[in-house]
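Below you'll find the structure, written out as structure tokens, and then a few comments.
Every number here is computed from the coordinates shown, using simple stated rules; none is lab data. Remember, it's a predicted structure, so these values are computed and weren't measured experimentally. Positions of Cβ are generated from backbone atoms using ideal geometry, with glycine treated the same way; all protein chains shown enter the neighbour counts.
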Amino acid sequence: NSLLLRKSTQTIQITSIEMTSFKNLLQTFLPLKLYSKDFVKPALVACALSFFSVSGYAQDFRTLRDIKVNDTALDLSTTNCKVIPRNAMHSRYRLQSLILPLQLDSVGTQAFFACKNIEGTLRFPATTRVVSAAAFNGCSKLTELSFDGSTRLGAFAFANCRGLRVVRLSATVPPVCADNAFDGIDLSRVQLIVPAQSRKEYRKAQGWRHFFGKQEEANVCRPEQILVPRPLTLEVYSTDNSTKNSDKKAKTNALLPLQWVKVVGVEAPQELANEKMQAERILGERTVFAKGRRGVGPVVRLQLDASLGNDEAYTLDISNKGVVIKGKTAAGVFCGLMTLEQLCIGNGVAARSVEIPALHIKDQPRTAIRELMVDPVRHFIPFEDLKSYVVEMARYKYNALHLHLVDDQAWRIEIKKYPELIEKASDRIGMDDMPARISGYYTQEQMRELVQFAAKYHVMVIPEVELPGHEVAAIHCFPQLSCAKKPVPIRLTCGVSNDLLCPAEPFVYEFFNNVLKELADIFPAPYVHLGGDEAGQPPLGAWSNCSACTELKKKEGFKENWELQQYLFDRIIHQLKLLGKKPMYWYEQEFKTIQPGCVVYAWRHGLTKTAIDAAVRNNVQIMLCPGEHCYLDYPEQKGDMPEVNWGMPVTSLEQTYKLDPAWGQDDNFVRNTLLGVSGTLWSESINSTERLFYQTFPRAAALAEAGWSMPERRNYTDFLRRMKPLTDDMLRRGIAVNAK
Ligand code: ACM
Ligand code: ZN
């Protein structure tokens, strides 16, 4: 369906959509002989091939989206494209003009999500049956929509298209339209033009009625149908008969629901000033609470309670008397606030929370660290977007953001001692087959700001550097770091490099000492991640060809390369411990022993039990992010993004949910060895922030529940139900999620 068209030495990849245009063009011009000799042969071949049935538009759109990244116009009017597949042009910011195919049948979910620069009018031909969920969510420069037929509009189809001024329909019977299709838009500024005789019908019709005046669906809170991760215990004192799934139903009628209009404010001690601010934000954004209300009335009270068993443990009580959140620490109070915010989201509609049933929640995490790892190396993540990522993570009680700051393809953190790192290694063109320019780095000042920002959400920031592999960017700047001492180019593809740091090179220790000193100063988290993964193919093989390494082996009495790695890590770990930090690293079988006080990550498919055994044997802690469940950069379903990758398996939402953080081990393991869970978002194939969110959620919420909730409180079907209002809320706010 796509064809390599060779013309002299040039290879041009063209898509079947272009092929159709091309064919039309040739049919027009061939009889007129308006072509050169050089052109006619490949043109005829192309023309002939295009007569074969054309399928696989998804692949074509992937080419248009990720390969032809500089194109600003997409004109499909001369193609025979009928189906625009899901995610077709997801977050293609550069796209400015779009003309839909004349025979269009359907537009898939999120097909043009956050294409925020598409301007002007979109005309949907009469053949268009459906515009699927969130298809144009966030296309804020669209000004006019015109529907020639009866087109069904899915959930959030045009949400956040804030530039819309005219919506024109010729259908006399109002087409089916989701009630939230136009959420996030001030519809009083949008003119709905419909056949005069049908106006009355539209006024009553679901979805369309909002154009005639605000009509919100009521926010209904059924606590047992929303919270993710699910709390340890939840008692709802509701008299509402429909709350059949309540854990302890209708025990008492003595406690009445809280009504937000009656609430007079938030009270908290000085130590909880930040949490008080968060509580005020939640009340302001999510409830009908009216700020400045005077007099006596229920309050939201935040307190510290030393008797609770865990730093993040909290209790939450709600009744007509008010809200009381008690935490062992500020972090616990904050966790309680995140629960309160979800309760206010209720059934996930746009309307604010009016009432919450009386309830009592007692909650605490099963594991200490729930983290997400992002990779700004392969594709850079703009600084401000890191902040919004923290905000979304925190909703699910994640407490760590792991930043993979350096790798073969770039160095992304300013190191004052070595300005070359960002000068020479933070800007390149291309990531595998994607030809975009990918540049950027974080200043130390930005990272300090991020640390402070994240602290308000009780998220610590863990920096990661790499050794001895995945360090091509540093070697590119300082060839002396490697065994070969030769300049190497920045890597433009994914995979594993054989260029390793040389453990026999004194500058390696000097360099890392300086880098780690600066990192330790920027990031107050007790941990620094040292990488340690995928050090060449075969692992550590490069050291066998290095005379300095051979010399060092002889001197130290080492027989094998893993001992050199042990030597390198021992020295760097020593430096890090002097800086007061706990080292973390990706577990590989080449680590025959693990140094005391280190944390290892079990990540490789099929190697989790081996990593666990190694951690137990060495009496160290382990983070679980097994590829089978936790690699959120993998596609969530067949044919989903990323469509082109290095062979990633599908990791469904259910597969992520199924993670057992204890991996079948006993309580002793959970208590002494298991530190937490991590979800990884390697970004070889994630080229926009929206796609980062899309890959992350809702699987990260599933993982959060695995890391936080007790196994007996977890059930996948129940999770799906609780997740729905939360993903609706994210889509309403314009955040991409892979919603079902
Ligand atoms: C890894 O996925 N290379 C840790
Ligand atoms: Zn060497």
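Observations on the structure shown:
- The residue pairs whose first member lies in region 94-115 and is part of a strand (DSSP E or B), whose second member is β-branched (Val, Ile, Thr), and whose beta carbons are closer than 6 Å, counting only pairs six or more residues apart or on different chains, are Leu98/Ile118; Ser106/Val83; Ser106/Val130; Val107/Ile84; Val107/Val131.
- Of all residues in region 470-481 being touching a residue at least 40 places away in the same chain (Cβ under 8 Å) and in contact with a helix residue (DSSP H, G or I) (Cβ under 9 Å, 6 or more places away or on another chain), the one that is nearest to Met373 (Cα to Cα): Glu471
- Test result for Val488, within 16 Å of ligand 2 (Cβ to nearest atom), within 30 Å of Lys553 (Cα to Cα) and in contact with a His (Cβ under 7 Å, 6 or more places away or on another chain): yes
- Options Ile325, Ile318: the member that is closer than 22 Å to Lys362 by Cα and either in contact with a Phe, Trp or Tyr (Cβ under 8 Å, 6 or more places away or on another chain) or among the hydroxyl-bearing types (Ser, Thr, Tyr) (or both): Ile325
- Residue, nearest to Gly346 (Cα to Cα), within region 263-292, restricted to residues that are in contact with a strand residue (DSSP E or B) (Cβ under 7 Å, 6 or more places away or on another chain) and among the charged types (D, E, K, R): Arg286
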